[in-house]
Amino acid sequence: MSLSDIDRILLQRCIDGAPRAWQDFVERFLGLVIHVANHTAESRGLTLDESTRDDLVAEVFLVLLASDRGVLRRFRRDSSLATYLTVIARRVIARRLHQDGFRTRLSVTGAEPATTEPTERIENREEVERLMSRLDPEESSVVRMYHLEGMSYQEISQAIGLSENSIGPMLSRARQKMREGA
């Protein structure tokens, strides 16, 4: 799905700093970000209280505003704005949920995510491990950090000592190898 005219105009108004544009943006996408927060926590077997969820949602919107709306300015407009925001929100929230001090505020449900049976998780894990074994160790590490740990290109770059610009191409090559092995 491509960028709709409504979202294109709203995005441009936000980037330009038009009056009331940010409020309109938040009103339009608040429900989406709340859903992503709940889903991201649930998929990790965590339950968010309302205050914690609100903190996570606020953090997502702060990231969108940071550096003169840099994340919004970098949107390439080749997908829907909702899809782009979902990816950004999931990464911000996943990163935050992995922080030790933050996890102590959450309650663990003790159950596996509702959509996955334990035997299915084992099979999926074995399949993922099989596919990742086709990758060289560096590619495997980058895939793990990006997709499973929710790290940004910058964080991965710092962790493994590669330039930030080489992370995307490496992920693309790794995904292609994994697709070919499926």
Residue pairs within 7 Å by beta carbon, gap of at least six or interchain, first lying in region 65-80 and charged (D, E, K, R), second open to solvent by less than 60 Å² (accessible area, probe 1.4 Å) and modelled with pLDDT of 90 or more, listed first then second, are Arg69/Cys14; Arg69/Ile15; Arg73/Ile15
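Here's the yes/no breakdown for (1) among the hydroxyl-bearing types (Ser, Thr, Tyr); (2) within 24 Å of His147 (Cβ to Cβ):
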residue	(1), (2)
Ser4	yes, no
Arg8	no, no
Ile15	no, no
Gln23	no, no
Arg28	no, no
Ser43	yes, yes
Glu59	no, yes
Leu72	no, yes
Asp78	no, yes
Does region 70-81 hold any residues that are assigned to a helix (DSSP H, G or I) and surrounded by 15 or more Cβ atoms within 10 Å (Cβ to Cβ), and which are they?
Val71, Leu72, Leu81
Heads up, the helices (runs of 4 or more DSSP H) in region 127-182 (entirely inside) with at least 1 residues that are buried (at least 17 other Cβ atoms within 10 Å of the Cβ) and aromatic (Phe, Trp, Tyr) are 153-160
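For (1) open to solvent by 50 Å² or more (accessible area, probe 1.4 Å); (2) of a type in the set (A, V, I, L, M, F, W, C); (3) free of Cβ contacts under 8 Å to residues at least 12 places away in the same chain; (4) touching a strand residue (DSSP E or B) at 6+ places or on another chain (Cβ under 6 Å), each residue gets a yes or a no:
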{"position": "Ser2", "(1), (2), (3), (4)": "yes, no, no, no"}
{"position": "Asp5", "(1), (2), (3), (4)": "yes, no, yes, no"}
{"position": "Ile9", "(1), (2), (3), (4)": "yes, yes, yes, no"}
{"position": "Arg20", "(1), (2), (3), (4)": "yes, no, yes, no"}
{"position": "Asp24", "(1), (2), (3), (4)": "no, no, no, no"}
{"position": "Phe29", "(1), (2), (3), (4)": "no, yes, no, no"}
{"position": "Leu48", "(1), (2), (3), (4)": "no, yes, no, no"}
{"position": "Asp54", "(1), (2), (3), (4)": "yes, no, yes, no"}
{"position": "Val57", "(1), (2), (3), (4)": "no, yes, no, no"}
Does Ser67 meet the test of being modelled with pLDDT under 95, among the small types (Gly, Ala, Ser), surrounded by fewer than 18 Cβ atoms within 10 Å (Cβ to Cβ) and in a helix (DSSP H, G or I)?
yes
Against the condition open to solvent by less than 70 Å² (accessible area, probe 1.4 Å), at pLDDT 90 or above and either more than 19 Å from Leu32 (Cα to Cα) or part of a helix (DSSP H, G or I) (or both), how does Leu97 come out, does it pass?
no
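The values are calculated or read from the model by the stated rules, or taken from the named source; none is laboratory data. Source: prediction; values computed, not measured. When we count neighbours, we look across all protein chains shown, and the Cβ atoms used for this are built from the backbone with ideal geometry, even at glycine. With ligands, DNA and RNA removed, areas are computed over all heavy atoms of the protein, side chains included. Shrake-Rupley method; radii C 1.70, N 1.55, O 1.52, S 1.80 Å.
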